[in-house]
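The block underneath contains the structure these notes are about, expressed in structure tokens.
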Amino acid sequence: MLIIPAIDLQQGKCVRLTQGRKEATTIYDADPIKVAEGFENDGARMLHVVDLDGAFGEANGRNREVIRDLVHAITIPVQFGGGLRGAKDVEQAISLGLARVVIGTLAVESPDLLAEIVRQFGAEHVAVGIDARNGQVVTRGWETEEQLTALTLAQRVAAAGVERIIYTDIQRDGTLTGINLDQTCMIAETSGLKITASGGVASLEDLKRLVAVSQCGIDSVIIGKTLYERRFNLRDAIAVIRNC
């Protein structure tokens, strides 16, 4: 089980949202690069970065500058999402040195383009983020609810050649109430893909419970707010996973 710490960028700063609501923002650090270096020093083997301004459709070149500098400041791979609405966006992101891009809205609105992007850049470099509320897909910075279930979308992206889904129950995200294990496992079993769980980790016990059901196809987990709130540190989390 790979633990992936998260950095969410808003106007160049490291923040966290509660349930994806941009009006519920907490700024944790003005220097995301120092945060990233700290995660690497604590043993992280991958970093998850989101351009929240891009996800909400708001242009902010500062975030992209931060991402470029961040990629060069650390040696571990970085996966990135937020506002990638077309092939050009994906190409520009990968050119920054990112190991993997995470596509969300585009996967819902342009499934043929998603398949083309996977063919062009390789499945190892493209993941799909499925974000859901009550099992229904939400897009465009979690502000639009689609008439599409997460399970159906999981099957569609599998057919498009995608190999990894990052699944987030947005009602759990930033709430420190635990991961929705049942739904996450259902996504894994329905799609047959590798799954990164996201949203709600609050304790080391949550990680143990995740490992206990990981045979369904969950091989990694993104952790954000609980680290910033110092509920536990990354070194302890890695040790718990290693000993499970």
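Bear in mind that the values in this text are calculations on the coordinates, not laboratory data. Because the structure is predicted, anything quoted here is derived from the model rather than measured. Every residue, glycine among them, receives a Cβ derived from its backbone with ideal geometry; neighbour counts consider all protein chains shown.
Distances between placed amide hydrogens fall under 5 Å for residue 146 paired with 137, 138, 139, all partners being 5 or more residues away or on another chain.
Counting only lysines at least 8 places from residue 34 when in the same chain, those with an alpha carbon closer than 26 Å to its own are 13, 22, 225. Taking 20 °C and 1.002 mPa s as conditions, segment 2-243 diffuses translationally at an estimated 122 µm²/s according to Stokes-Einstein applied to its Kirkwood radius (Cα pairs).
Fully extending the segment from residue 31 to residue 177 would add 49.8 nm, taking 0.36 nm per residue of separation and subtracting the current Cα-Cα distance. Distances between placed amide hydrogens fall under 5 Å for residue 163 paired with no residue 5 or more residues away or on another chain. Approximating the spin labels as points 7 Å out from Cα along Cα→Cβ, the residue 147-to-residue 99 distance works out to 4.1 nm.
Once both labels are positioned 7 Å from their Cα atoms along Cα-to-Cβ, the gap between residue 158 and residue 189 label points is 1.2 nm. In plain terms, the residue of 4, 241 with the fewest other Cβ atoms within 10 Å comes first and the most crowded comes last, giving 241, 4. In the chain, the calculated helix contribution to ellipticity at 222 nm averages -11000 deg cm²/dmol per residue, counting -39,500 (n - 2.57) for every DSSP H run with n ≥ 4.
The Cβ shell under 9 Å around residue 163 holds other residues with a net charge of +1, Lys and Arg each +1, Asp and Glu each -1. Available extension along the chain between residue 120 and residue 242 is 40.4 nm, counting 0.36 nm per residue and deducting the alpha carbon span. Note on residue 134 and residue 229: with the Förster distance fixed at 25 Å, the Cβ-Cβ geometry gives a FRET efficiency of about 0.45. A Gaussian network model of the chain, with springs between Cα atoms under 10 Å, assigns the largest mean-square fluctuation among 224, 54, 192 to 192. Among 95, 220, 191, the largest mean-square fluctuation in a Gaussian network model of the chain (Cα springs under 10 Å) belongs to 95.
With both labels modelled 7 Å from their Cα along Cα-to-Cβ, the residue 68 to residue 88 distance reads 1.7 nm.
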